[in-house]
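Scroll down for the structure; my scribbles are underneath it.
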Amino acid sequence: MPSSTLAVVFKFTNFVCQTYNQSWFQFQECRLKAVSRDKVLLNMNGTILYPVNKAQIQGKLFKRESGYKPWLLDIQIDACRFMRKNYNTAAKLIFNIFKEFTDINHTCPYLGPVHLRGFYLQPELLKLPFPSGQYMISLRWFFDRKLQFDTNISFVFVEDLKNT
């Protein structure tokens, strides 16, 4: 009798960081590290040099279809307000995927080192159905309404039901 098994590939493929104001924010590390065929770790280390009391994040999700095309998600959140009360459902889903790997877990003001260490994608934390494909999340970070830096995170998600 055939049984179904679920095979999922959910891993990072690229990570790009770019700062626009090195006098306010500097990256020390921005890289991926493959530890196995299906597990890639994301490490980011940066420093906020002046106190941040107003932080906004513009997030967009792109799907690769003959180049990256906008797909489903285009949000802008007040990061200080979000850390006080998770008011945005889409941002909450994304934050829950990486919150155990970061020290960005408090309200404003933000100052000093910011880390995202050993972060890997876990399919069991993805709470919504997601079609197979290649994706990119573009995050633009604004402090006091001025663009400070961008982080672009590319990943692949492939869900395959196989009969064995």
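Points worth noting:
- Of the residues in the range 16-24, not one is of a type in the set (Gly, Ala, Ser) and part of a strand (DSSP E or B).
- Test set (1) out of contact with any Ser or Thr (no Cβ under 6 Å at 6 or more places or on another chain); (2) under 26 Å from Ser132 (Cβ atoms) - Asn45 fails condition number: (2)
- Only listed residue being at positive phi and modelled with pLDDT of 95 or more, chosen from Gly46, Gly118, Gly67: Gly118
- Tally of residues being over 12 Å from Ile57 (Cβ atoms) and either in contact with a strand residue (DSSP E or B) (Cβ under 9 Å, 6 or more places away or on another chain) or of a type in the set (D, E, K, R) (or both) across the range 75-93: 4
- Counted residues, the range 71-123 - those being of a type in the set (D, E, K, R) and either buried (at least 16 other Cβ atoms within 10 Å of the Cβ) or in contact (Cβ under 8 Å) with a residue 12 or more places away in the chain (or both): 6
- Candidates Cys30, Cys80, filtered to the one that is assigned to a strand (DSSP E or B), closer than 15 Å to Val114 by Cβ and under 18 Å from the mean Cα position of the chain (by Cα): Cys30
To keep it simple, each residue is scored yes or no on (1) assigned to a strand (DSSP E or B); (2) among the aromatic types (Phe, Trp, Tyr); (3) under 13 Å from the mean Cα position of the chain (by Cα); (4) closer than 20 Å to Gln148 by Cα.
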position: Asn43; (1), (2), (3), (4): yes, no, yes, yes
position: Gly46; (1), (2), (3), (4): yes, no, no, yes
position: Trp71; (1), (2), (3), (4): yes, yes, no, no
position: Asn86; (1), (2), (3), (4): no, no, no, no
position: Phe98; (1), (2), (3), (4): no, yes, yes, no
position: Val114; (1), (2), (3), (4): yes, no, no, yes
position: Glu124; (1), (2), (3), (4): no, no, no, no
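- Test: residue in the range 156-164 that is surrounded by 18 or more Cβ atoms within 10 Å (Cβ to Cβ), part of a strand (DSSP E or B) and over 16 Å from the mean Cα position of the chain (by Cα): no
- The condition (being closer than 17 Å to Phe12 by Cβ and either part of a strand (DSSP E or B) or not aromatic (Phe, Trp, Tyr) (or both)) is satisfied by just one residue among Ser66, Ser138: Ser138.
- Residue within the range 32-49 that is of a type outside the set (A, V, I, L, M), touching an Asp or Glu at 6+ places or on another chain (Cβ under 9 Å) and either crowded, with 18+ Cβ neighbours inside 10 Å or farther than 18 Å from Thr102 by Cβ (or both) present: yes
The values are calculated or read from the model by the stated rules, or taken from the named source; none is laboratory data. None of the values given here were measured: they were computed from a predicted structure. Reconstructed Cβ throughout: ideal geometry from the backbone, glycine too, with neighbour counts over all protein chains shown.
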